[in-house]
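The values are calculated or read from the model by the stated rules, or taken from the named source; none is laboratory data. If you're wondering where the values come from, they're calculated on a predicted model, not measured in any experiment. Neighbour counts are summed over all protein chains in view; Cβ atoms, including those assigned to glycine, are modelled from backbone coordinates with ideal geometry. Protein only, heavy atoms only, side chains kept; ligands, DNA and RNA dropped before computing areas. Shrake-Rupley method; radii C 1.70, N 1.55, O 1.52, S 1.80 Å.
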Amino acid sequence: ESHLAADVPTLGSHFTAAGYATCLVGKLHFGGARQYAGFPDRPYGDFGGPCSHQVDPLVSHFANQPGMRRRTLEAGVSQVPESLLQERFVVNESVAWIREHVAARPDVPWLLNASFSRPRFPLTAPRRHFARYR
């Protein structure tokens, strides 16, 4: 988690100041007062620690391995159902925000930043993605 000084401009603050409706959905990893990073709307994000990445149950099998080795051993089929992956929530919240904004204020330009957790650690994915490879 990073801490960005409150007076540092961000993409969100620039667009918001220019009259855009702005929204951030998903991870950003700014802590403290910068959780919103200039985006007034933040319906879903990394509001906990450590950086609130979704823990895949597979991770616990290798908890006593050193850092990078553990990350490699964790790679595999996700034990989290695809319908419950964070990426699904980012998509759903993003689409919902856009639809609501366009319905309520169709003449106001908008910027939505959708930030997905994958691909990154844990290196897991739904089984259907592994079926394409040996």
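Here are the numbers for the structure shown:
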item	result
Test: residue in region 52-68 that is within 28 Å of Ser13 (Cα to Cα), polar (S, T, N, Q), surrounded by 10 or more Cβ atoms within 10 Å (Cβ to Cβ) and modelled with pLDDT of 85 or more	no
Region 27-48: number of residues that are open to solvent by 60 Å² or more (accessible area, probe 1.4 Å) and modelled with pLDDT under 70	2
Filter result (touching a helix residue (DSSP H, G or I) at 6+ places or on another chain (Cβ under 8 Å) and within 13 Å of Cys23 (Cα to Cα)) within region 109-134	Trp110, Leu111, Leu112, Asn113, Ala114, Ser115
Filtered residues of region 87-134 (kept if open to solvent by 60 Å² or more (accessible area, probe 1.4 Å), assigned to a loop (DSSP other than H, G, I, E, B) and of a type in the set (A, V, I, L, M))	Leu123, Ala131
